[in-house]
Structure formats: C-alpha cells, structure tokens
Amino acid sequence: MQDTLDLDGNITLIEPRAMSVLVYLSENAGKVVSSEEMIAEIWGPRYMGENPIYRCISILRNILKKDELISEYIQTVPKKGYRLIAKVSPPFPKRSKPRDTKKQSSQKSSTTKNKELLAKSDFIAFQNDHPTSIDNLERKPFASVLAKHIQFIFDTENPGFISNSAFVIQLYAPWGAGKTTVLKFLESELTADKTPEGDPKWLVSTFNAWRNQHLNPPWWAIMDQIYRGCYRSLKAQGKPSLWFKLGEQIRRYRSGALFAATTGFVLSVCLFVLAITFIFGLDLDSEPNWLKRTDSIGTILLTIGSIFSSILVFSKSISMTLLSGKYSSAREIEKLIKDPQARIRNHFSSMVSSLRPKIPVLFIDDLDRCRPEYVVSLLEGLQTLFVDTPVLYVVAADQRWISTCFEKVYKDFQGTITNPGQTIGYRFTEKVFQFTARIPRMTAHQQSSFWSHLLGESDSLTSKKKSESSTQPAPLDNHFAGAISEEDVWDKMQQAREQNKFTSSEISTYAALHLASTKSLVHQEHALSRFAPYVDRNPRSMKRLLNHYSILRATTLLENTVLSRTKLVRWAIISMKWPILAAELEKKPELIEDFYTERSLESNSKVVASLSGDTNLINVIKGTHDNEGILEVDDIRKCVGLNIHHN
C-alpha cells in the first residue's frame, strides 16, 4: 500500500509529502541532506512559503518513535540539515514528484480542463511575509560577498586587523526589501567559517529591537543576548559551555554593588542561622529540645520573622547584582554604582575575551520600527560602552529612519551643522557605522520571476537557464582564476559573455565574489589611493571610503550593472560627504545635470541650490582630478540601482 509504514505489523498511513521526505532520506542514508535540497527535489525549485521540512520531520519522528528498539532514526545536524542513521537497503518506494499540471490536465476531459482553468484563474493563494530560507531573489551571493568583507576585516594577517574594537555595519534598504532574509543567509555564511582548530569562528546571536524596545536599559539587552547566543552556540558545538556559564555568573556578581550585595548575603545567612537556632536550640551539651524552645508565642514569631527577613535580604542582595538577569537589576546598578559604565565595560570585555579566538556577532533587526529615543540609546551604547571590545554588529535598518531618530532626539543642536549637505542625524550615523551596505535591488527579470512564483505560473526563462547551467563545461570560478584587478575581472566577464554559456546574472555573481577575495581587496586599496584629493584628510574618512566602495562595487555587480571605478568611487564620496544630496539624487537622478549646466542656483531642489557654490562637490561631479568625465544621469541611476533592466 502506498504512503504507509509497516512497524512490526502495525500499518500506519503517512502523508504523501512526509513519505517523500523519508524516501529521499533513505536514498541518501548516512548523508546530511539540507532542507533546501529536499524542498527543491520534492516540492520543486519554484516552491514559495515557509519551510515545510520541519513539519514533515516531526511527523516522521512521531511515527518512528513507536519502534522501541531504536530511539532515533532521523538525526538533526545543526546548521546543515538531517541524516537518516538507520540501516536501509533498496529497492525504495517511489516518492511523489513536484506536480506537473500540464501532464495532469492532458489526461482529463475538455470540460474538466475548462473548469480547472477557470478555478485557477480566479484563485490566488495567500502569501505570508515571513523571512524565508529559500533564495528566491538571489540574495545569497550578496551575503557571501558581505561575509568575505567581514572575514577580511577581522583577518589577523590584514594590516587593518580589528583586534580590540567593535565593528558596526549598517545593512540598509526600505521596509520589506528582505533585510531579515539577508541576515539569515549571512549567518549561514559566517558559521561556515572555521578557526584553525576546525570550530566555527563566529558565534552569531540575533536581537529583534522592535520586540524588545520596551525593555530598558538597552545595554543590558545587548549583553544578555550576546551571552545567551554564545552559550547556545558553544553548547551546540559540544564545547565547555558550563565553564563559560559559570564564569558569566561570577562576572554578573562582580558587576553589581559588590559591598552592599556581599553584606546582604552575609546578613541573610546570619538571620537564617538565627532562625534555625530558635527552632532546634543549638545546644552542643544536650539533646535538642525544640518543643520547649517554642512554647512561647514570641519565640515562634521571632523565628518566622528571622526566616522571612533572611529571604527578603537575600532577594535584595540578588537585585544589587546582575545574577537574576532582570532589567530591574540593571537599572538598580546604574543608581547604586558610582561609575557603572566602567564596571559594565570591564564585564563585557572579560566575557568576550573568554571566547577567543571565536568572535561574537550580534544581528540587530527591525531597529527602523522603534521609537527615536530607543534607537539613539541603543546605538550610543555601542559607541560608548562596547566600542573597545571586538564584537561584530550588523544593524538591519532603513538609513533615513536612523538619521531622523537622531535628528529628533538632538533637535536643539540642528543649528550646529553648517554644511548644507549634512544633517546632525547623518553625522551621528557616520560615527556609529564603519560602513553601510545597500541590499541590491530586484532586477527586472527577478521581479518577473518572483511574480510568477507568487501566482503559481510557470517560468520558462528560469527553466531554460537552469537547463543551460546544468550543461556548463567548466565552472566560472576557474574562468576567473588569476584575475586580481578590476580591469582583469572586466576582461574575464567579457570573455564569459562571448562564450554564451553563462547567464548575465551568473557572470556578475562570480565577478562580485571574486572581487571580494583577499588579494582583490588589497589591490583595490592601492588602486583607490589616487582618489585621495576628493576625501577629507583624516584616517577615518579614508577607511570608510575603502569599505564603502568595495561593498558598493559588489552591489552594483549583483544588479548586473557595470560602471567604471572612477565614477563609482565618486558616487561613494558624494554619499559619504553629502548624504542629503545623495538621498535627493536617489529620488531624482536628473538633478545632477543642474550642477554642470550652471542651473544649480535656480534648481527646484533646495538641496541642490544650497550646494551650488561648493567647489569640492563640483570637482567630484565633474571629475576634475581624474579626467574621467562628469557624472551623468545614467551613472547616478546605475549607482543607486535604478537602471537594472538586464536579465
């Protein structure tokens, strides 16, 4: 009988999809199979929605656990997938394949066909907006590039190695653009990176700011979340997590009001001993006679009072430390300690040091849904309390929301910024974030493909590309081997296009990944040195330009856009030094013409008119120092992702 299991004569009916999962695991017995692989094989590559594998595995385990001889048939391999550990032998039953609606409909009468077509045309399935683990919009390459940049920044062989300070990245895009999904892919990329001992190098934790904005102070939320995330990761890896937990409890005790807490603990013990003395009459020379001691009501009341007092004093002592993990204790410490920030910094630094060589990572999501006061308090905490501890923070939030939050909180200081291309909000974000990474926009083909997924329609173009890619004679990574400079990569891209064996998207993806290699990043640093006249003469601005340009180059490539280095780096400088103008040009790229047609004073844009006399800006737009030509409207559109119509 199909879709049934026979367990010692007990026949159990199984859902068809769950049976297909079991059969696929049996076909790959002993191997680790990822959820994505099973979804593509059983549900089809165009499946949209929540991951159905968890439910199928749960169904199978509930059925298989009835076999008392084996405690577990299906093993979960963290971060990788599932493995069937039972012994199996062929032949295996046929598993259901993804539905072929064309084949099914051809077997039915014309009347039935018409009814089904009418029903299909009227029916559109509801879609949830939860983050997905399936890469429908080709976000994984962007996450891979970002991970390579992060690994380069924290590489001990890198001259700019981050050894004793935090690094904060802003991952920005408008609401609904898929920032949370990118974080999921980035976590997968980072956890695949190993230490020399073979252990995961990065300990990733996730903090949803929107859900936790009612909890204050924010610094305790960050510390506690990193601790909990690192503890879970160490435990999953089979590492000595107990010692890490014990060490943290000691740190939490020492971070509190140490003298008051210790005094309280001692007093609570004394009161408890006093209560025991009243009850049992501690007399070393005679047998206990507690009945005699408790004859009087006063003695009984004193005993109860001593016990109750010892509990109260003990609870109060706990609240003077961070042992309870409560936010009220964190607020109490801020009041009791003379210099709480120094105590907190030492606590956090000691915790992170105990994890070396592993590096903690905190993903902060949904910050662009929080109140301005909370946003500012959390980000300032990263800069004041945790800036001297090597932790990576990735903040997924809309850039303008963050800037506006600072402007609202510091509205009384707006007049202190005299640069018309800046606001106080952007000045603060520039201080908080080492670099910002814009998520690539959808290409026209990706948008069309995504609509087809949502509507349940076939995508012949996608099928064609998959068919073509399956017959590729050689992988693209070999094709790009040896290319270090951007010029080398452009030549390789052109050669790949001429071969007509790879799609434009595949070529751009490999190019972006190749330029994120360590050798290419080092070469980029040297190649950008000639743009020094455009940048402020301070080390921070130079480092920010290198980081910003590198990730911007990858973003535009993943949008299938090729732009010269000189024009892209000049746009990176504009977005750094004149962010208000960059935001204006992102909405109306044609405003760039006002600067080189002598119409800037009469421009309809107040921002453009206010910057009409800025010679530094004019030099950047016109390319005075590199003779590569002016930044035109089409260049701006390419830089901000508005000119992506390629496949």
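The values are calculated or read from the model by the stated rules, or taken from the named source; none is laboratory data. Remember, it's a predicted structure, so these values are computed and weren't measured experimentally. Every residue, glycine as well, gets a Cβ built from its backbone with ideal geometry; the counts of neighbours run over all protein chains shown. Side chains included, ligands, DNA and RNA excluded: accessible areas come from the protein's heavy atoms. Shrake-Rupley method; radii C 1.70, N 1.55, O 1.52, S 1.80 Å.
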Report those helices (runs of 4 or more DSSP H) wholly inside the stretch 289-403 carrying at least 2 residues which are under 30 Å from Trp175 (Cβ atoms) and at pLDDT 90 or above. 372-384
So Ile344, is it surrounded by fewer than 22 Cβ atoms within 10 Å (Cβ to Cβ) and among the hydrophobic types (A, V, I, L, M, F, W, C): no
Restricting attention to the stretch 153-193, which residues are modelled with pLDDT of 85 or more, surrounded by 18 or more Cβ atoms within 10 Å (Cβ to Cβ) and of a type in the set (A, V, I, L, M, F, W, C)? Ala166, Phe167, Val168, Ile169, Leu171, Val182, Leu183, Phe185, Leu186, Leu190
Residues of the stretch 404-434 classified as outside any helix (DSSP H, G or I), farther than 26 Å from Val204 by Cα and open to solvent by less than 10 Å² (accessible area, probe 1.4 Å), total: 1
Under 6 Å by Cβ, and 6 or more places apart or on different chains, what pairs join a residue from the stretch 380-404 that is under 21 Å from Gln422 (Cα atoms) with one that is assigned to a helix (DSSP H, G or I) and among the polar types (S, T, N, Q)? Ile402/Thr429; Ser403/Thr429
Screening Leu563, Leu552 for residues that are surrounded by 19 or more Cβ atoms within 10 Å (Cβ to Cβ) and either modelled with pLDDT of 85 or more or not aromatic (Phe, Trp, Tyr) (or both) leaves only Leu552
In the stretch 205-245, which residue that is touching a Ser or Thr at 6+ places or on another chain (Cβ under 6 Å) and open to solvent by less than 30 Å² (accessible area, probe 1.4 Å) is farthest from Val77 (Cα to Cα)? Pro218
Are there any strands (runs of 3 or more DSSP E) wholly within the stretch 1-83 with 1 or more residues that are under 30 Å from Glu138 (Cα atoms) and modelled with pLDDT under 85, and if so which? 74-77
Set Leu545, Leu513, Leu476, Leu521: member being within 30 Å of the chain's Cα centre (by Cα), open to solvent by less than 20 Å² (accessible area, probe 1.4 Å) and at pLDDT 75 or above: Leu545
When you check Leu546 against the structure, is it free of Cβ contacts under 8 Å to residues at least 60 places away in the same chain and either in contact with an Asp or Glu (Cβ under 8 Å, 6 or more places away or on another chain) or over 30 Å from His445 (Cα atoms) (or both), yes or no? yes
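For Ala437, are the conditions met, namely being surrounded by 21 or more Cβ atoms within 10 Å (Cβ to Cβ) and under 26 Å from Asn616 (Cβ atoms)?
Here the answer is yes, as Ala437 does meet what is asked.
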Among Lys492, Lys501, Lys465, which is part of a helix (DSSP H, G or I), open to solvent by 20 Å² or more (accessible area, probe 1.4 Å) and either modelled with pLDDT of 70 or more or on the phi > 0 side of the Ramachandran plot (or both)? Lys492
